[in-house]
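K.L.:
Can you read through this structure? Questions will come right after.
The values are calculated or read from the model by the stated rules, or taken from the named source; none is laboratory data. All figures in this text were calculated on a predicted structure; none of them were measured in a lab. Heads up, the Cβs are rebuilt from the backbone with ideal geometry, glycines too, and the neighbour counts pull from every protein chain shown. Accessible surface areas use protein heavy atoms only, side chains included; no ligands, DNA or RNA. Shrake-Rupley method; radii C 1.70, N 1.55, O 1.52, S 1.80 Å.
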Amino acid sequence: ERAGGDHPVSRITADGIDAPNDTTTAEALAPASAATTTVKNTSGTVAVASKTYAFSLWGKVSSGTKTMALTVGDSATNVTANVTFNTSWRRFSGEYTASGTPSGNVFVQIGDAAWTSGTIHLWGAQS
């Protein structure tokens, strides 16, 4: 995993958080500074014209709620949905269909301009 945008996350750690499957394998993700933060994971899969790709992950926060953007796509086409984390594990998913002339590899990105503090917990990302 790597940080996108201008600012990296401070840490991605397995830190003993109980995951939805009752193991302690969930990860905590926090911004490195009070600046716009996103995390982008680019797969090794080159986007194929007109093919549909799906992605899902589980997420939550320790307290309150946090709304962020979840984007799935390639350099030419992508789909973004706002997702709201609360204190219960919820599964979030997204899919997109590559255009007739896709560009680059399939990627997933989470974060937004308002994520300058606070930790989210993630688990079970899959595509």
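K.L.:
What percent do you get for the relative contact order of the range 27-93 when only Cα pairs under 8 Å and 6+ apart count? List each step's numbers first, then the result.
P.N.:
Working: 68 pairs, mean separation 21.5, N = 67.
Relative contact order here is 32 percent.
K.L.:
Shifting gears a bit: Under a point spin-label approximation (7 Å from Cα along Cα-to-Cβ), what is the Ser99-Ser75 distance to one decimal in nm?
P.N.:
1.3
K.L.:
What does a probe at Asn21 reach in the range 35-71, counting residues whose amide N is under 16 Å from the point 7 Å along Cα→Cβ?
P.N.:
56-59
K.L.:
While we're here: How would Thr80, Thr23, Thr38 rank on accessible area, largest to smallest, probe 1.4 Å? List each step's numbers first, then the result.
P.N.:
Numbers: Thr80 75, Thr23 50, Thr38 15 Å².
Ranking Thr80, Thr23, Thr38 by accessible area, largest first, yields Thr80, Thr23, Thr38.
K.L.:
Another question, if that's okay. When the label point is put 7 Å from the Cα of Thr42 along its Cα-to-beta-carbon vector, which residues of the range 76-115 have a backbone N closer than 13 Å?
P.N.:
76, 103-109
K.L.:
Lys60: accessible area at probe 1.4 Å, nearest 10 Å²?
P.N.:
40
K.L.:
In terms of modelled amide H atoms, which long-range or inter-chain residues lie less than 5 Å from the amide H of Ser103?
P.N.:
Amide H neighbours of Ser103, under 5 Å, 5+ apart: Ser75, Ala76, Thr77.
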